[in-house]
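One structure is given here, and the rest of the page talks about it.
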Amino acid sequence: MSDAAHRSPAASAVGDKEPRRTCLGCGKKQSKWLLHRLVLTVKHQVVVDTPQTAPGRGAYLCGAGCLKAALKRKAFQRALRATCELDLTILEEALREPVRLK
């Protein structure tokens with residue numbers, strides 16, 4: 001068997017030049033540029049960071065469908081390492097927009 005056959009998927013992702021992130025809702029690993037990045041504002045509100053350039057910790061979602069799963073798992077507080085406020089209507093609307101590719 002080749003050496004590549006013994007590697008785990010996570011190990012093969014390390015060699016990729018493209019950054020990969022995990023969706024908080026479904027747990028699927030994808031290119032950073034295919035996911036929506038969410039960050040905390042100074043007022044501890046979660047907002048979508050469309051250009052993906054805001055400072056601080058970020059959390060990633062595939063789209064609006066994964067938002068409910070992430071809420072159920074209380075993944076935002078864990079990923080952002082802070083208590084946060086969520087305005088679901090604004091987030092759902094923003095997550096329905098397509099991700100702007102780099």
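Hey, fewest Cβ within 10 Å first, where do 36, 44 land in order?
44, 36
Pulled fully out, how much extra length does the chain show between residue 88 and residue 32, if you take 0.36 nm times their separation in residues and subtract their Cα-Cα distance?
Gain on stretching residue 88 to residue 32: 17.9 nm.
In whole Å, what three semi-axes, largest first, describe the equivalent ellipsoid of region 20-96 built from its Cα gyration tensor (square root of 5 times each eigenvalue)?
Each semi-axis is the square root of five times an eigenvalue, giving 16, 14, 12 Å.
For region 27-72, what does the equivalent ellipsoid look like in terms of its semi-axes, each the square root of 5 times an eigenvalue of the Cα gyration tensor, given largest first in whole Å?
Whole-Å semi-axes of the equivalent ellipsoid: 18, 14, 8.
Here is the link list: 17/74; 32/68; 17/68. Which ones come out longer than 22 Å on Cα distance?
Over 22 Å apart, Cα to Cα: 17/74; 17/68.
Using a 7 Å offset from the Cα along the Cα-to-Cβ direction at both residue 45 and residue 81, what is the distance between the two label points in nm, to one decimal?
In this crude spin-label approximation the distance works out to 2.5 nm.
Taking 25 Å as R0, compute the FRET efficiency from the Cβ-Cβ separation of residue 68 and residue 101 and round it to 0.05.
Calculated value: 0.50.
Here, each number is a calculation from the coordinates, and none is a lab measurement. Being a predicted model, the structure only gives us computed values, none of them experimental. Cβ: placed from backbone, ideal geometry, glycine included. Neighbour counts: every protein chain shown.
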